[in-house]
Amino acid sequence: MAGGFVKGITADVKLTDEQYVNNEKARYVPFSVSPFQEPESRGREETERPPEWLELAGDLAWTASFSSVTSNTTVTGPMAVWNYGVFFALTWHLWATQTTYDIKYYTNDWWHRALFASQLAIYAVLAALSGSFNVGWELNGDTMNPFIGNNTALTGQAIRENEVLSMKRSLSGINMVLFISRMFLLLQYLRVIWYRRQSKQLWSWRFYLPPASIFAAGCIFLGCFIMLQDTDGSEAVAVTQLTLWGLAISIQALAAAFTPEDEAEVLKSKSTLTPRLSALTVIILGEGLNGICGTLRNNVNSLGLTPRMIAESISMLLVLYFVWLLYFDGFRIKCSSNRAVEELWLWSHFPLHLSLILLLEGIKNLFIAANALGAIELLKAAFYDVVYSAGNTGKIPKHPQLEALLLPLKTSWKQEVLDLTRALKKDTDDSYTEAFGQMFRWFETCVHNIYLLFNEQQDPEAEFEFSNYLSTNDNVIMDDWMGDHVLINKFAARYNEIMVYSGHWLLAVSGTLLICMAILNVMQRFPRNRFAWGYSFNRAAVGAIFIVVGGATSNLNQYSYWIYLIIPIIAIGYSAAAVADWIILYFSIHSIRKKEKSSLIPLAHGGLEKDDDNFGRGKDVRRFSDLHYAHVSSRRMSVMESSGSAASSQTTQRTYYGHHEVFDPYAEAGVPQYPSYHRKQESRGSLSDSATQSLLVRGYEGRTSLS
C-alpha cells in the first residue's frame, strides 16, 4: 500500500491515461489567442466559445447587481419606477455590449479570463452603489425634502444634506464605474483590431465603429462624473445627465448595428445571441420567483389562510407559468442573417426584460398587499366581536379565534384580557374610558405589526403618525374610534398607499410584455402565412386589451376588492393567450397535414407536368415556400446525375426535379422549427434533407412506397 502510494506520487505522466491528458490540455490556456482562424485551417480548427460555467457566472453577477436595487427599493411611487428603469438600462447595456463582443471574439485565454474578473468587480461595485441610487434627487422636490417629523429646522437640514450627499456619491460612483467598464471593453476591441490587421482579414473602416462608440460612451460617463462634482442638485444637471446616459447607450447600439460581418469560417467563435438571451430571461424569471417565494413564506406565516389568499397564490404561480410558456414555447427563436436586424432584436429585449421585471415586482407587491389587507380584515372581524360583547356585557370576553390569529404577531389576547380586567376593576370615573382606550391602542398596535410583517422597510411618515396615535389621550382615541377614524387612517392609509401603488400600472405592464413578445416574434420569424402572423397578433391583441383596461382602472386602488382581482385578471389573460396559441397551432397542423397529402400523392405517380393550379405538382410547388431548408440542394442533383446505375430517363427526370424548389408544409404553415423534422446534415459529401423532402424524392423515383 505504502509502496504504491510512493510510486504514484513520483511517477511521470503516461500518454495512455487519455482522460488525464485531455483534461490537462483543455485546462492549459495561453495568455492571448487570435480570434481569427488561419486561412489554411479554416473549417478544421476547433471553435472557441466561453465555457458555459463562465457565461452563467457572468449572467448571475449581472443579475446580482440589479437585484440589489429590487431588494433595497420598493416600488412605492413614480420615482421608484424611474429608478428601476434607469438603473436597469445602465446595467443591461453593460451586459449587451459585452455579450456582443463575447459571441464573436472570445477566445479561451487568460486575457479574457482576467477581464472576466474585472466584470465581476464592476457588477459588485454597482450593486454596492445601488442602495442610494435615485435619479429624481434633482428633479423631484419630495426627494430633495425628506420627511423630518418633529425634528428642528437645523436637524431637518442635516437630514436633507445627508440624503443629497448619499445620492450624489451613488451617482458619481456609478458614472466612474461605467467609465472604467467602457475602457476595459475598448481594450478588448483594440486587441481584436490588432489581430485583424496582423492576420490580413477582411478590413473596412466600419470595424472602428464599436471601439469608437465605446470610447465616446466612456468619455460621456466621465463627463457626467466631473459634472456632478460641482453641484448639490439642480434640474438642469439632472436632465443633462439623463440625456447623456441615453446618448451613450444609443451610440453603442447604432455602432454595433452598422459594423460589417466577417466572412464565413473566419472567426473561431461560433456562439450566438439566442442561448445567452434565453439564459438571461430564465435568470430574471428565477430572480422574480425567488422574491415571490418570500411572499409565499409570509402568506404561510400570516394570520390564517382564506380561500381568497389561496386563489391569489395560485393566480400568481399561473402568471409565472404562462409567461414562461408564451416566451419559450410560443415561438422558436431563429438567428437573423442581417446584422442590423440582429442588433435591433437584441436591444428590443431591453423593454421586454424591463417589463418582465416590473411585472414580477408588481405581482409580488400586490400579493403582499392582498395578504396584509386580508389579515387585517380577519383581525378586525374578530376584534369587533370582542368590542360588541364588551359593550353589551361590561366584561372583556375570551376569544379563541382572536387568540389564534395573534400567534404570528407573538401577542396574547389572554394577557390583554387580564390587563383590561385589571383596569376596569379600578372603579374610577375614567376606568371605563381608560380600559377601552388601552384596548383600541392594543388593536392598532396589532394592525401596525401586520403592516411591518408584510413590509420589508418601515415608512418614516407612517411611523411618525403611529407614534402620535399611541401618545394621544384616551378620550381622543375613544372619539376617533367611534367617529371617522382620522387618527387611525393617518398611518394606515400611508402603508396602504405604499403597498397597492403597483396596481396603478401592473395591467399596463402586463400588456406591454405581451406586445414586446409579439414584436420580437415578427422581427425574428418574418411570418409568411396567416398562422405565423396569428401567433403575433394573438399576443398583441391581448396586450392591447391589458393596456386599455389598465388605463381605465388605474384609479381603483382605493377599493380592496379591486386589489384582489388584479392578479387573477392577469392570470386569466395570459392563460387565454396561451390557449389561443394552441388553437392556432391546431389549425396550423391541420393545414400542414392537408397539404402533405395533396403534395405527396401526385408526386408518387410522377405527375410533374399537369396543371399549374394543382398544389401537389412538383412543377409549381416552389411558389409556396422559399425557405432555405425547403430547397433541393444542387449537390443532391449532382450526386444523382453521377450515379452510374441510374437510367438516362431517370437522370433527366431528376435533373428536371433538381431545378425546382420543394414545398415544405411545416415552414409554410408557420409551425415552430422542430429539430426532429427540419434536420439538414452534411455527411460524407451528401446532404440529408428533411423527412418530407426525402419522401418526395423517393416517391417520385418510385423506389419506395409512400408508407
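Net charge near Gln198, counting Lys/Arg +1 and Asp/Glu -1 over other residues with Cβ under 14 Å of its Cβ?
On the way: positive: Arg191, Arg196, Arg197, Lys200; negative: Glu38.
Its environment carries a net charge of +3.
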Which order do the peptides 591-599, 372-380 take when ranked by the mean count of other beta-carbon atoms within 10 Å per residue, highest first? 372-380, 591-599
Can you give the Rg/Rh ratio of segment 456-593, where Rg is from the C-alpha atoms and Rh is the Kirkwood radius? 1.27
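Given Cα positions, please report Rg to Rh for segment 306-427, the hydrodynamic radius being the Kirkwood one.
1.35
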Förster-model FRET efficiency, 25 Å R0, Thr393 and Ser467, C-beta, rounded to 0.05: 0.15
Cα-based Rg/(2.2 N^0.38 Å) for segment 352-503, rounded to two decimals, is 1.19
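Can you compute the charge dipole magnitude of segment 160-308 about its Cα centre, using +1 on each Lys and Arg Cβ and -1 on each Asp and Glu Cβ, nothing else charged? Give it in debye, rounded to the nearest 20. Mind showing how you got there, number by number?
Values: 14 positive and 10 negative charges, 105 e Å.
For segment 160-308, the charge dipole is close to 500 debye.
So, by mean Cβ neighbours within 10 angstrom, what's the order for 417-424, 180-187 with the highest one leading?
Working: 417-424: 15.6, 180-187: 19.5.
Order by mean packing, descending: 180-187, 417-424.
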When all protein chains stay in place, what accessible area (Å², nearest 10, 1.4 Å probe) is found for Thr240? 60
Plugging the Kirkwood radius over Cα pairs into Stokes-Einstein for segment 414-523, at a temperature of 20 °C and a viscosity of 1.002 mPa s, what D comes out in µm²/s? 126
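The values are calculated or read from the model by the stated rules, or taken from the named source; none is laboratory data. Given the structure is predicted, the values throughout are model-derived calculations rather than measurements. Please note: Cβ atoms are built from the backbone with ideal geometry, for glycine as well, and neighbour counts cover all protein chains shown. Remember, those area values only see protein heavy atoms, side chains included, never the ligands or the DNA or RNA. Shrake-Rupley method; radii C 1.70, N 1.55, O 1.52, S 1.80 Å.
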